[in-house]
Amino acid sequence: MLLTIVASLALIQVQEAAPQVTAGQIISKMLVHYASANSEVGRIKYTVATGNESISVDTDFAFEKPSLVRIHQFMNSNPPQEWLTVSNGTLFSYNVPPNLTANPNTRLIEKVTVDGNTMSCREIYSASTLSLKDRSMPLDLAFGRSTDLKFRRQQWATDVLLGKDQVRDLPVDVVGGDWRDMATAPVSGTYKMWITEAGDLLRYQETVSIGIPNKDPRIPMMTQVLTSTWDVDIKVNATTDKSMFILP
């Protein structure tokens, strides 16, 4: 009996001495998990809600290094809208960005290799981001450009471990904290991530307060709270279907 009690006390002391994994360590593991991928196939569903209204955008994507890329986005609006970026390793095609004056229904086509320099998946993604409807944190995370990851990391002003949960029957750690638009901006909301032990992001959420100007400048701006949620399913180092990378 005495030996049993001593063993139990020793086990308790070992458990108490075990270091607590921090939110920052969980986030860092997630960033490395995706940044090291040679290929990915994934789906991201974006939903933004305010009051009783909501809109959603579905993103299906795949890439395989060095230069195969496909990003297809669909919004079930009236009429439905689609956005598509495709690279076959030689050429890549994407929608004309809305900041250009060209017909929005036209597509741009560029060479992947110029003057002996071949663009990577990350560079092709970067070149096409202005043409996408949903330039999201999960999509930035998936492609893993260091500039994008640094920017996203700076948006998370604080990080704390919020507890445990389950997403699609998978156990996850929930981390979150204060959110800001950029490193130099004041905090204007919060964020949450649902991350598996392996480093897979299953859900990401931002709740942000925005100011809405009134038509009458004498009336103060109204504040509206937007909750944006991205449900994420990404397979890292997955086998890709080469037919996905055929230019339209």
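The values are calculated or read from the model by the stated rules, or taken from the named source; none is laboratory data. Model, not experiment: these values are computed from the prediction. As a convention, Cβ positions derive from the backbone with ideal geometry for all residues, glycine included, and neighbour counts pool all protein chains shown. Areas reflect the complete protein model, heavy atoms only, side chains present, ligands, DNA and RNA absent. Shrake-Rupley method; radii C 1.70, N 1.55, O 1.52, S 1.80 Å.
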Would you mind working out the magnitude of the charge dipole of the chain relative to its Cα centre, with +1 at each Lys and Arg C-beta and -1 at each Asp and Glu C-beta, to the nearest 20 Debye? 400
Pick the calculated Rg/Rh (Cα atoms, Kirkwood Rh) for this structure from (1) 0.94; (2) 1.07; (3) 1.03? (2)
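Within 13 Å, Cβ to Cβ, of Val232, how many net charges do the neighbouring residues add up to if Lys/Arg are +1 and Asp/Glu are -1? Spell out each step's value before the answer.
On the way: positive: Arg43, Lys45, Arg168, Lys192, Arg203, Lys235; negative: Glu40, Asp58, Asp60, Asp134, Asp140, Asp200, Asp231, Asp233.
Within the 13 Å Cβ shell, the charges total -2.
How much net charge surrounds Val187 when only other residues with a Cβ under 14 Å from its Cβ are counted (Lys, Arg +1; Asp, Glu -1)?
Values: positive: Arg180; negative: Asp159, Asp178, Asp181, Glu206.
Spelling it out: positives minus negatives among the neighbours equals -3.
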Nearest-10 value in Å² for the accessible area of Ile246, using the 1.4 Å probe: 110
Kindly report, to the nearest 10 Å², the accessible surface of Met244 as traced by a 1.4 Å probe over protein heavy atoms only. 50
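Which of the residue pairs Lys65/Lys242; Lys29/Lys133; Lys164/Lys235; Lys45/Lys111; Lys29/Lys242; Lys29/Lys150 have a Cα-Cα distance greater than 24 Å in the structure shown?
Numbers: Lys65/Lys242 12 Å; Lys29/Lys133 28 Å; Lys164/Lys235 22 Å; Lys45/Lys111 30 Å; Lys29/Lys242 29 Å; Lys29/Lys150 14 Å.
Lys29/Lys133; Lys45/Lys111; Lys29/Lys242, as the Cα separations exceed 24 Å there.
In the stretch 121-168, carbon and sulfur make up what percent of the accessible area (probe 1.4 Å)? Intermediate values should be presented prior to the final figure.
Values: 1030 of 2180 Å².
The value for the stretch 121-168 is 47 percent carbon and sulfur by accessible area.
In Å², and per residue, what accessible area does the stretch 67-208 have when probed at 1.4 Å with the other protein chains present?
Values: 7150 Å² over 142 residues.
Per-residue accessible area for the stretch 67-208 comes out at 50 Å².
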Provide the net charge surrounding Phe245, with neighbours chosen by a C-beta distance below 9 Å and charges set as Lys +1, Arg +1, Asp -1, Glu -1. 0
With a 1.4 Å probe and every protein chain left in place, tell me how much accessible area Phe74 has, in Å² to the nearest 10. 60
Counting each DSSP H run of 4 or more residues in the chain as -39500 (n - 2.57), what helix-only mean residue ellipticity at 222 nm follows after dividing by all residues, to the nearest 500 deg cm²/dmol? -6500 deg cm²/dmol
